[in-house]
Amino acid sequence: MSLPAVRASASALVIAFLALSGCRAETSDGEASASRGAAAVAPLADSAVGAALADRAGHPYSARFVTSGGVQRMAGFLNLGARTSGEFSISSVSPDQYKETQEVLLPDHAYLRQVTDRGETVKGWWRDPLTKAPPGNQIVEMHTLARLLARQPANAHARPVRAPSGTTAYRLTGWIDTAALKDTDPRTYVMLAPRPDVPGAKGVRCTAWVDMRGRVVRFDEDLAYPDGSEYRSVTSLTGFDDPLPVHPPATTR
């Protein structure tokens, strides 16, 4: 989920993944109308996948993840299901330049530093508040959109299938209009909505694979922009375990 203005930067993929993958496990009643044709959907727990997602909500866990989109890649681990934290790197490999940003994410702020392809520090750790605009590091959990997708009519009777990773999971697919995110996911809406220098995105088509324990094991998203361009990212999650400790770097600015 990368806006045109930042698609080439090292921070673009952080916006792409973290906008959908962090701290809010509960969702509002308005989700049922947040996607096309979802106005009269049965309660979430009426389906097997809905019950699994509902059971998972509020139960913290950690996961290793890899997100790829365009020339960028993000990898590391996150603590999910409660207040998100984690450690990861965001690398951008263009034809003429390699960029990498390392990030330590805490519930209220993040620490970042830039390194070269040789592992040399370009810029020491700096503290990045999560309240600045636009909310590039503010997070809404991927679990939230999976629950929204589960409420769409086409997914009402989803059956377990084999996910790309080989695990057994429910496959949920649906289109979410940008305007529909204004009430259900205002932080993501701010990033996708039109701004003076950015035309904004028409919406996002999502495919989520949810395992039998209600954990998202893969999340694909395809964005369509008014100018006809598209952006695709794929996130895979593995190594689920108890939450891992995350501490601020020893030296920061």
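Kindly provide the set of residues from region 165-178 that are exposed (fewer than 15 other Cβ atoms within 10 Å of the Cβ) and either in contact (Cβ under 8 Å) with a residue 60 or more places away in the chain or assigned to a helix (DSSP H, G or I) (or both), ordered by number.
Within region 165-178, just 165 meets the criteria.
Out of the residues in region 81-124 that are of a type in the set (Lys, Arg) and touching a residue at least 60 places away in the same chain (Cβ under 8 Å), state the one that is surrounded by the fewest Cβ atoms within 10 Å (Cβ to Cβ).
83
Just checking, does region 52-60 include any residue being at pLDDT below 80, surrounded by 17 or more Cβ atoms within 10 Å (Cβ to Cβ) and touching a Pro at 6+ places or on another chain (Cβ under 6 Å)?
no
Could you check region 46-93 and list, in sequence order, the residues that are aliphatic (A, V, I, L, M) and part of a strand (DSSP E or B)?
Across region 46-93, the qualifying residues are 63, 66, 74, 75, 78, 80, 90, 93.
Given the criteria part of a strand (DSSP E or B) and over 18 Å from the mean Cα position of the chain (by Cα), does residue 161 qualify?
The answer is yes for residue 161.
Could you run through region 179-218 and say how many residues are assigned to a strand (DSSP E or B), of a type in the set (A, V, I, L, M, F, W, C) and either crowded, with 19+ Cβ neighbours inside 10 Å or within 18 Å of the chain's Cα centre (by Cα) (or both)?
Result for region 179-218: 7.
Just wondering, is there one or more residues in region 231-247 that are at pLDDT below 95, crowded, with 16+ Cβ neighbours inside 10 Å, among the hydroxyl-bearing types (Ser, Thr, Tyr) and outside any strand (DSSP E or B)?
no
The values are calculated or read from the model by the stated rules, or taken from the named source; none is laboratory data. Computed from a prediction, not measured in an experiment: that's the story for all the values here. All Cβ positions, glycine included, derive from the backbone under ideal geometry; neighbour counts span all protein chains shown.
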